[in-house]
Amino acid sequence: MLERAAQLATLLTAAGAPTYTDPVEALNNRPCVLIGPPTQTFDLPLPHRTVNWSLTVLSASAGGGVAVWAECDELVDLVVEFLAVDDALPIRYALDDAAAPIPAYQMHLEESL
């Protein structure tokens, strides 16, 4: 799955949406898109499967306001232009319980691989 995640990150980065698969690297280079590990459903003959990728659009600021959401919206629009995502849900993202959450969008992409 890491190879496919890297392919998606390369595609989105080339399209103008900086994209990372490492959450620490993503948090240090915001605004950007973070691709997390997918859920995997073994509903197809092996070695194939259905995967559901979690793509998180991270804002540059931990604050709120219209400017932050506009910044996220730009990246969401780039992702939607290149990938058939199912949705974009506003969330607050934190790497762990000690970190301050930041405005973000959570997007989902389902693929059969």
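The values are calculated or read from the model by the stated rules, or taken from the named source; none is laboratory data. None of the values given here were measured: they were computed from a predicted structure. Methodologically, a virtual Cβ is constructed for each residue, glycine included, from the backbone with ideal geometry; neighbour enumeration extends over all protein chains shown.
Among the residues of segment 60-83, those identified as modelled with pLDDT under 95, within 22 Å of G16 (Cβ to Cβ) and in a loop (DSSP other than H, G, I, E, B) are A60, S61.
With respect to the conditions (1) under 18 Å from T39 (Cα atoms); (2) without any contact (Cβ under 8 Å) to a residue 12 or more places away in the chain, A98 falls short on a single one, namely (1). Scanning segment 21-44 for residues that are exposed (fewer than 12 other Cβ atoms within 10 Å of the Cβ), closer than 24 Å to D86 by Cα and out of contact with any His (no Cβ under 9 Å at 6 or more places or on another chain) yields D43, L44. Selection of segment 4-24 for residues being assigned to a helix (DSSP H, G or I) and β-branched (V, I, T) yields T10, T13, V24. Within segment 61-70, does at least one residue satisfy the condition of being out of contact with any His (no Cβ under 6 Å at 6 or more places or on another chain) and within 24 Å of R4 (Cα to Cα)? No, the conditions are met nowhere in segment 61-70.
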